[in-house]
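Worksheet for the structure shown next.
Bear in mind that the values in this text are calculations on the coordinates, not laboratory data. None of the values given here were measured: they were computed from a predicted structure. No Cβ is skipped: glycine too gets one built from the backbone with ideal geometry, and neighbour counts run over all protein chains shown.
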Amino acid sequence: MANLDFPPQYTRAGNTTHNNEVHSIPQDEQFAYGTEMEEKLAPGFRFRAEKLPFIVYRCAYLASLLARHLDAAIGVMITASHNPAQDNGVKLVNFNGDRITRRWEIYADQVINASDADLPKVIRDLEKNFQRSSQSKIASGLIDNAKVVCGIDTRVSGPHLMEAARAGAALFNVKFVDIGVVSTPMLHYIVKSFNEPEFAEATHQGYYQAISDAFRKLYTLTPEPKGSRYQPELIVDCANGVGAPRFRELLELIPKEMLRVEFRNENGELNHGCGADFVKIRQNIPAGFDSEAKEPKCASFDGDADRILYFRAKKGYLYGKAELFDGDRIAVLFAKYLKEQLDIYTASKPRNSLKMGIVQTAYANGSSTRFIREHLKIEPIIAPTGVKRLQRNAAAFDIGVYFETNGHGTIVFSKHFDSVVRRNTDSLPTHLQRLHLFSRVINETVGDAFADLLATEIVLRHFGWSMDDWMQKLYEDTPSISFQASVGDLSIFKTTNAEQTLEEPDGLQKRIDEEVAKYKNARAFARPSGTENIVRVYAEADTLENAHRLGETVTQAVEQADSRHRYLKRFMRFQL
Ligand code: 16G
Ligand code: ZN
């Protein structure tokens, strides 16, 4: 194997930032890509941008290995999503637009955690393994399509990290495709398109074209009902991120009579006082929006546009507060539409049935879960927090709708769905054409703010609904509240039942159950966060005051259990 030359600016010792400062990473600083481990939810690495050049370099090398192994395009996305502008992150995207497998996450840890001195050996060993494996295209020597496809968000550190990725892919001379500033879902989509050319052309335009074509056709197939109150205009909070430039381009392909979008928060500080995460957590309207409820329909993206929430200013004295149309409400809207089409299909007594499922997390508002069960007659699945866990559950269905309350979600479709529905559109009956086109407006590779917005608009128009209708005709949110309990040791909290029940510490769940029993329509759970050193508490009850009281008591119970544990630990040590 040729000598491995690592550019010094991408080594641990010489790691050089976008400001051209050397920011060495000590050897004892270790990192974890993994997502399967309970303590890490989001795949990839995410830190202050200074740490990232050597990490991105090594990740891009690994992407180039996977690309050669499969003879396929592999993605590298450089973003820190809704986190502050000074942060950045990197994750790899598999050939099909999905997350890389656990095995490759372990390789990532090995490659990133190696010392500068050990890196050549770690890489040589990996290369040798694949050269010997009959499963690998590397062994066959037939490699035509291997490429590393890299995208960045709008952060200032992005271009520098793109160069680090380019250098990493160059280590074994793998073709590097710089797709520039894109949303995370665009990168996923474009990687899949490289590997499945019939899916879409693997460019920004290819993505815009495929989604907007499906939108326009579905629009034409969807007459607005008589007495419709649908409003074809809305204002979008772009979080000062990638949504602004890229969604503008996508909208150029959609006639103004169909949809008019006004853009806000395009050029300020990323995710600062705005964006889907801000709106969700604070329940405030974002910077730049009118607080007096004069703007009826608004939506908010996060910094890399893989999350979306709708909102409007609350009426009355609640100055600056937002009324949210969250991930649950979007999911139920989609599900109602899809169910309507499916029911027509089922009534025709087809040979092939299509099964639809809806996946939520414990955070889903209890009223949304009840609505799905009672009105849509579907038993919702509750999955543990984290996009991949929802997606895995959704993949068991022909149409699998999954959404987190925070606005990250999409719909996945089975091979069976493809064979029944995604055929020559024109010859299909209308309900199947709708299913087909809707599945093309959606970005099934990952939650996509642009695609989800267009899909929402199509469905609201189909029902002839205003924002009031969307709020009133499905379900009324049960009042809910979230708290954080600061604890010493997260690992003593063990959950089961999709994080809704605490198995440990002993006795805590019983206390929660007793508290919940004191209120009407109540529900509460406590789960250790996967991203911070806190236990998150969620409570619902018939009134906001009761939800608040319940949440507070549960938070105290969690903190008491934690201090009891700390006390016992100290006591035990003392005894020894
Ligand atoms: C991660 C997850 C997100 C989840 C959040 C929960 C991915 C890509 N992201 O950001 O889906 O909502 O963690 O954080 O899986 P928490 O464990 O601190 O509540
Ligand atoms: Zn995001």
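Observations on the structure shown:
- Dipole size of the range 337-381 about its Cα centre, with +1 on Lys/Arg Cβ and -1 on Asp/Glu Cβ: approximately 160 debye, rounded to the nearest 20.
- Overall form of the range 480-575 per C-alpha gyration tensor (a/c, 1.5; a/b vs b/c): prolate
- Rounded, prolate or oblate (a/c below 1.5 giving rounded, otherwise prolate when a/b exceeds b/c) for the range 217-325 by Cα gyration tensor: oblate
- Modelled label positions at GLN560 and ALA42, each set 7 Å beyond Cα in the direction of Cβ, lie 3.5 nm from each other.
- Computed from the alpha carbon atoms alone, the convex hull of the chain holds 175 Å³ per residue.
- Among ASP302, ASP343, the ranking by other beta carbons within 10 Å of each residue's beta carbon, starting with the fewest, stands as ASP343, ASP302.
- Nearest-20 debye value, the range 444-534 charge dipole, Cβ charges on Lys, Arg, Asp, Glu: 320 debye
- With a cut-off of 13 Å between beta carbons, the residues surrounding ALA541 carry a summed charge of -2, where Lys and Arg count +1 and Asp and Glu -1.
- The DSSP beta bridges internal to the range 327-472 are antiparallel in roughly 45% of cases.
- Neighbours of ASN20, meaning other residues whose beta-carbon lies under 14 angstrom from its beta-carbon, give a summed charge of -3 when Lys and Arg score +1 and Asp and Glu score -1.
- Convex hull of alpha carbon positions in the range 254-377: directionally averaged projected area 10.8 nm².
- Using C-alpha pairs below 8 Å separated by at least 6 residues, the relative contact order for the range 480-575 is 34 percent.
- Within the chain, helix-based [θ] at 222 nm, where runs of 4 or more DSSP H residues each add -39,500 (n - 2.57), nearest 500: -12500 deg cm²/dmol
- The range 171-190 residues near the modelled GLN209 label - backbone nitrogen below 16 Å, point 7 Å along Cα→Cβ: 190
- Cβ crowding within 10 Å ranks GLU201, GLU514 as GLU514, GLU201, fewest other Cβ atoms first.
- Calculated SAXS-style log₁₀ I(q)/I(0) at q = 0.09, 0.19 Å⁻¹ - the range 327-472, Debye, Cα scatterers: -0.25, -1.18
- The range 60-149: C-alpha gyration tensor shape, a/c 1.5 cut-off, then a/b vs b/c: oblate
- Surrounding net charge for LEU119, when Lys and Arg each add one and Asp and Glu each subtract one, Cβ distance under 10 Å: +2
- When you restrict to C-alpha pairs under 8 Å that are six or more residues apart and normalise by the size of the range 125-262, the relative contact order lands at 19 percent.
- Annotation: amide H-H contacts under 5 Å for GLY447 (H modelled 1.01 Å from N, sequence separation of 5 or more, or interchain): GLY409.
- Cross-link reach list, aspartates and glutamates versus LYS314, counting only Cα pairs under 16 Å and skipping chain neighbours closer than eight places: ASP290, GLU292, GLU295, GLU323, ASP326, ASP468, ASP469, GLU476, ASP477
- Counted by neighbouring Cβ atoms within 10 Å, the residues GLU105, GLU127 run from fewest to most as GLU127, GLU105.
- Gain upon complete extension [GLU224, LEU253; 0.36 nm per residue less C-alpha separation]: 8.3 nm
- Using a cutoff of 8 angstrom between alpha carbon atoms and counting only pairs six or more residues apart, the relative contact order for the chain works out to 11 percent.
- For the range 168-263, trypsin sites (Lys or Arg not before Pro) meeting the loop criterion (DSSP other than H, G, I, E, B) and having at most 11 other Cβ atoms within 10 Å: LYS226, LYS256.
- Alpha-carbon Debye profile of the range 428-548, log10 I(q)/I(0) at 0.12, 0.14, 0.16, 0.18 Å⁻¹: -0.72, -0.84, -0.91, -0.97
- Computed about the Cα centre, the dipole magnitude for the range 217-325 is approximately 500 debye when only Lys and Arg (+1) and Asp and Glu (-1) carry charge, each at its Cβ.
- Theoretical FRET efficiency, 1/(1+(r/R0)^6), r = Cβ-Cβ of ASP418 and GLU514, R0 60 Å, to 0.05: 0.75
- Partners of LYS128 within straight-line reach, counting aspartates and glutamates whose Cα lies under 19 Å from its Cα and excluding those fewer than 8 residues away in the same chain: ASP5, ASP71, GLU105, ASP109, ASP118.
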